[in-house]
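What follows is a set of notes on a single structure, which appears directly below.
The values are calculated or read from the model by the stated rules, or taken from the named source; none is laboratory data. All figures in this text were calculated on a predicted structure; none of them were measured in a lab. Positions of Cβ are backbone-derived with ideal geometry, glycine not excepted, and every protein chain shown enters the neighbour counts.
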Amino acid sequence: MAKVMISLPNEFLRKVDRAAKAQRRSRSELIREALRTMFAGQQPRHRSWKEALAPLKELEQQWVGQWDSTDIIRYFRDTRYGREDRR
């Protein structure tokens, strides 16, 4: 495998190192994966939590105040077992 020297600003390199440590990878492995992703035109394998949860946040905004989970649970409990059968 060939080795390449590149220059990076100190703060950027610190970010790379923090990301590599968080993902339990080497700096080289992280940079290789980033370049593979860029060349493949794919989404990176490791998205941030904020990015991954964005679709759920959108759904949450659509559903807030639209239904009450307690009423739904009671409905299914009462229709499945009948009120008299509950102990």
For the stretch 13-62, which positions are in a helix (DSSP H, G or I) and among the small types (Gly, Ala, Ser)?
Ala19, Ala20, Ala22, Ser28, Ala34, Ala40, Ala52, Ala54
Residue identified as surrounded by 10 or more Cβ atoms within 10 Å (Cβ to Cβ), within 30 Å of Lys3 (Cβ to Cβ) and modelled with pLDDT under 80 among Arg47, Arg36:
Arg47
Complete set of residues in the stretch 63-75 that are loosely packed, with under 10 Cβ neighbours inside 10 Å and modelled with pLDDT of 80 or more
Thr70, Asp71
